[in-house]
1. Suppose we keep only residues that are in contact with a Leu (Cβ under 7 Å, 6 or more places away or on another chain) and in a loop (DSSP other than H, G, I, E, B) within the stretch 663-676. Which one would you say is nearest to Q601 (Cα to Cα)?
2. Provide a single number: the residues in the stretch 12-21 that are in a helix (DSSP H, G or I) and either touching a Gly at 6+ places or on another chain (Cβ under 9 Å) or over 24 Å from H285 (Cα atoms) (or both).
3. I want to confirm something. Restricting to the stretch 279-329 and keeping residues that are farther than 22 Å from N255 by Cβ and hydroxyl-bearing (S, T, Y), which single residue is modelled with the highest pLDDT?
4. Would you confirm, using the coordinates I've provided, whether K665 is over 30 Å from G264 (Cα atoms), at pLDDT 80 or above and either over 26 Å from the mean Cα position of the chain (by Cα) or aliphatic (A, V, I, L, M) (or both)?
5. Name the one entry in P452, P386, P438 that is outside the structural domain of S575 (by TED's automatic domain parsing) and within 19 Å of L545 (Cα to Cα).
6. Does the stretch 286-295 contain at least one residue that is of a type in the set (K, R) and over 25 Å from the mean Cα position of the chain (by Cα)?
7. Give the residue, chosen from I622, I648, I636, I610, that is in the same structural domain as K303 (by TED's automatic domain parsing), outside any helix (DSSP H, G or I) and modelled with pLDDT of 85 or more.
8. Which residue out of D307, D345 is of a type in the set (D, E, K, R) and either more than 26 Å from Q675 (Cα to Cα) or in a helix (DSSP H, G or I) (or both)?
Amino acid sequence: MSILESQPIWIVGDSCCGKTTRLASLMVKWFETSSFLEKPLILCANNQGKKTLINILLNLNSNSYQTKIRTPLALMMEDVTLFYPLLCQELNLPSQLPIRLRSETEQELATQLWQPHLATELVGIFGGEYNCVRRILDFLQLATSGGISPEKIGDHLLQSHVININNKKNIIDLIQKLILRWREWCLEKGLLSYGLIYELYGLYLLQNNHYQSYLKNNYKAIFADDVDDYPAMMKDLAEIFIEEKKYGVFTYNQNGKISLGLSGDPEYLQKLSNLCNQELLIINHLNSLRIKVENIILETINKGYSDQKFPENMINIKTNSRGDLLNIIADCIIKSIKSGKIQADEIAIIAPGLDEIARYTIMSYLKDNDIETKPINEQRPLITSPLIRSILTLLTLLYEGNGLLLKKEMITEMLVILSWENIDLVRGGLLVDYCYSPDIKSPRLLTVESFPRWDRLTYQSLEYYNQIREWIDQNQEKINQGNNHLLGVIDNILEHFFLNIEKLNYSQLATIREFRETAQHFWEIQKRLKNENINDILTQLINLLRKGTITANPLPMTTIPPLIAIETKAVAIASVYQYRSSRVHHRWQFWLDIGTNYWSQSGELLASSILLKSWQPNSQIISEEIESENERLTRIMQDLLARVTEKIFLCYSELDVKGSEQTGKLSSLINNSTQNYP
């Protein structure tokens, strides 16, 4: 039987057992036996998975990579946009080009729309207005990703214990009304949040005969990697191919399920296995530590002790204070790299929740010793970047009417950053004290002659100050003459002050790129909402950024030529979720803060369990979590252990950053190790 006529294949196994490689090899065979005009639908759980699959394909056969690889969300966004006229006709929507609504803009617009209806009791349930709006929007996204109609969200909440108060029905009725009002408003404006994209794709487009015909005619096979992280509707998509007798291959990690409680529904996707021939892969291709220490670790976590001791691969780093712990971790890494025991890119620092203190301390120590770090899938607020704060300060000087948004220290920081530190903080402060004229309408920088003792400034600082001030004056004049398009002005700033990307590190480049995309997105949304006032748009953008809800999502480093070396020689630093999502592996892992309870806490969104496709309202389970603490910890441990080959450093401080004693479920691991550092 040819591969084109064979049954679909379900490949199941743990982390790092070769599932993606097996899928890629079957893809290569399919390409070799198919016409060059035929193409498959290829899906990966995330962008890192796409990169991995592409590399494997090119290594197996450089001619085999012939079609686009998408994530499920990317496929939905593309096809909802492509078939939007069809959806408009079916749902009687205004015919217009849809605009994707990013999460932070969704939050802001929903808050504005719902403000008059956010009752005190409703806000109090969720602990504040921001959390209240975010949770209600999450309800919509969770429901539609699970194939549940927005109109039925209230029913699910009523039949569960998520909201358990005396006034339960009235509050849930209000939540239902807010969700439907938001949905109606967005569709009228052609604004598509993730929740609405899930709904339009799963509940309407995927059920449409015309779209199903398109899928059948356009794709001759389906290959899907890591389906344990897919939303429920992807099972329905796969069944269309299987029913048409089209070839398919699916991989499933039984210890993966990284998106469980967010938007993934692994149990529902697993039902696809009943329609496929199954392959079980059991050998870890990395020769990882899992087989050596898994049983001892799990026994120690579950019982608090184990009769067996860890092998020498498990090493304690134990201190009283957390500050000392961070210093010793950095010292261990520095000495190990300097001595040649290990390369920087072979080390990963993993934490259940990476706080700013730990991140800054470790990265600073390593950088001082010429060791680069690479945050994995880092998502920090853009406003934490001095570059972005300086650009925003510069914009408030260029456009009139924003003087109230400025403070002296912002001007000082801007001078330091835009001069690439050729103006230091002290001289920048002196210049601002004497040469900055605050004004509500037109704040401005004065000439250096306004400073009586300008001779105290260095020639270098004077030169850079004059260049910055003259550039502002010239561009203000252009703006006043009508060349005031906000995106054009931002591009001029980036081109003039940040053109030499070799001066920027990876994180800075990613942050600038995200800022430009954010400004573009915000501009498009305001235009759709008929807001033509540039000063008002700028003020709203600055206020939104200052709330800290917009984060940087870095480009893959390999797309930035000067930084390729950083990717190959950098210590990885990530949260547990980010590390597992990236599906990487290392020789050494440092498990940071193993005493904290965060290791065993659920990352599930509120109500995620009742908005799964498989949820039954007559369930007698009181807990609203999808899985127990032990189940979750077991899955995380098995996944991390499969991704390390040589050493695990158990990093524990008796006191946390607030001075409280740490007694989390992983604390017992410290007592079971015989190896200590230093």
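The values are calculated or read from the model by the stated rules, or taken from the named source; none is laboratory data. Because the structure is a prediction, the values reported are computed rather than measured. Glycine gets a Cβ as well: all are built from the backbone with ideal geometry, and neighbour counts include every protein chain shown.
1. First pass over the stretch 663-676, keeping only residues in contact with a Leu (Cβ under 7 Å, 6 or more places away or on another chain): 665, 669-670, 673.
Restricting the remaining residues to those that are in a loop (DSSP other than H, G, I, E, B) gives 665, 673.
On the way: K665: 10, S673: 24 Å.
In this case the residue turns out to be K665.
2. 2
3. Once the filter is applied, the top-ranked residue is T319.
4. Working: over 30 Å from G264 (Cα atoms): no; at pLDDT 80 or above: yes; either over 26 Å from the mean Cα position of the chain (by Cα) or aliphatic (A, V, I, L, M) (or both): yes.
The answer is no for K665.
5. Working: P452 fails: within 19 Å of L545 (Cα to Cα); P438 fails: within 19 Å of L545 (Cα to Cα).
Of P452, P386, P438, the one residue that is outside the structural domain of S575 (by TED's automatic domain parsing) and within 19 Å of L545 (Cα to Cα) is P386.
6. Initial filter on the stretch 286-295 (of a type in the set (K, R)): 290, 292.
Still in the running and over 25 Å from the mean Cα position of the chain (by Cα): 290, 292.
Within the stretch 286-295, one or more residues are of a type in the set (K, R) and over 25 Å from the mean Cα position of the chain (by Cα).
7. Details: I622 fails: modelled with pLDDT of 85 or more; I636 fails: outside any helix (DSSP H, G or I); I610 fails: outside any helix (DSSP H, G or I).
Of the residues listed, the single one that is in the same structural domain as K303 (by TED's automatic domain parsing), outside any helix (DSSP H, G or I) and modelled with pLDDT of 85 or more is I648.
8. Values: D307 fails: either more than 26 Å from Q675 (Cα to Cα) or in a helix (DSSP H, G or I) (or both).
Result of the check over D307, D345: D345.
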